[in-house]
Amino acid sequence: NNIQGDFINLNAPNTGDTGSDTSLNSNVSVTNSTFTNAGYHGITVEAANGATFNRDTFTNMGTDAIDFEYDNYSTVFVNGQPTEAAEDNISITNNTFTNFTGDWFASLQGQSPGVQEQNVTLAYNTIDANSPLIEITGPNPYLTPSQYWNKGLTIAFNKGLQPALPTTGASIADPPGNVAAMTIQYVVGVKIAGNTFPLFDG
């Protein structure tokens, strides 16, 4: 409870704490846990291959509930394997997220050549906040090799308990295209199914 920053940050090894080891966090499991009052994000994923968040409760976050970020830089590949930063094989299921001021899920990293983000599942979660839902920008797949793609996203059977706001902060009175509860750009292979998301009507 009562943390100034993030509840959980799967951080990239960029602080010197890991010496020459630049491998990704792996085999992370966070289950049946309760987190209350974070000044920043609920979950931050910068560098992970294999992480599960299941049946957890996250309450009161100062900004985005879930943030996949690696600011400015791109994934570094060593012998074809991602190091330093990538967000692969992440499962966020059956959790409850209550009261946050930013997006429920944010992944805004369109830098070149890109950050590998593959096989992310958001399923059976409950969202209880009058906030935007999802905002994703990956690297342009027409301009970068496939190893950098944001690929394989599933958003299924989640439920919102309050009307969602648009990601742009705009209103329904603005021209079409400026308002969306979910904004997804440059993601290869997206499945959105079975969600219940009430939307703000302006």
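Within the stretch 149-166, being within 15 Å of the chain's Cα centre (by Cα) and surrounded by fewer than 21 Cβ atoms within 10 Å (Cβ to Cβ) holds for Lys151, Gly152, Thr154, Ala156.
You will find that of Asn79, Asn72, Asn130, Asn125, the residue that is of a type in the set (S, T, N, Q) and in contact with a strand residue (DSSP E or B) (Cβ under 7 Å, 6 or more places away or on another chain) is Asn125 and no other. Is it true that Ser146 is closer than 27 Å to Ser20 by Cα and open to solvent by less than 50 Å² (accessible area, probe 1.4 Å)? The answer is no for Ser146.
Tallying residues that are within 14 Å of the chain's Cα centre (by Cα) and within 21 Å of Phe35 (Cα to Cα) within the stretch 62-72 yields 7.
Annotation: Ser107 fulfils all but one of (1) at pLDDT below 95; (2) touching a Phe, Trp or Tyr at 6+ places or on another chain (Cβ under 7 Å); the unmet one is (1). The strands (runs of 3 or more DSSP E) falling completely within the stretch 9-105 that include 2 or more residues that are closer than 25 Å to Thr183 by Cα, open to solvent by less than 60 Å² (accessible area, probe 1.4 Å) and out of contact with any Lys or Arg (no Cβ under 7 Å at 6 or more places or on another chain) map to 43-45, 47-54, 57-61, 66-68, 86-93, 96-100. Residues that are under 30 Å from Thr34 (Cβ atoms) and either open to solvent by 10 Å² or more (accessible area, probe 1.4 Å) or not in a loop (DSSP other than H, G, I, E, B) (or both) within the stretch 106-126 comprise Ala106, Ser107, Leu108, Glu117, Gln118, Asn119, Val120, Thr121, Leu122, Ala123, Tyr124, Thr126, listed in sequence order. The strands (runs of 3 or more DSSP E) found wholly in the stretch 127-202 and carrying at least 2 residues that are at pLDDT below 95 occupy 134-137, 182-185.
The values are calculated or read from the model by the stated rules, or taken from the named source; none is laboratory data. Treat the numbers as computed from the prediction; the structure is a model and nothing was measured. With ideal geometry, Cβ positions are generated from the backbone for all residues, glycine too; neighbour counts draw on all protein chains shown. These accessible areas exclude ligands, DNA and RNA; they are computed on the full protein's heavy atoms, side chains included. Shrake-Rupley method; radii C 1.70, N 1.55, O 1.52, S 1.80 Å.
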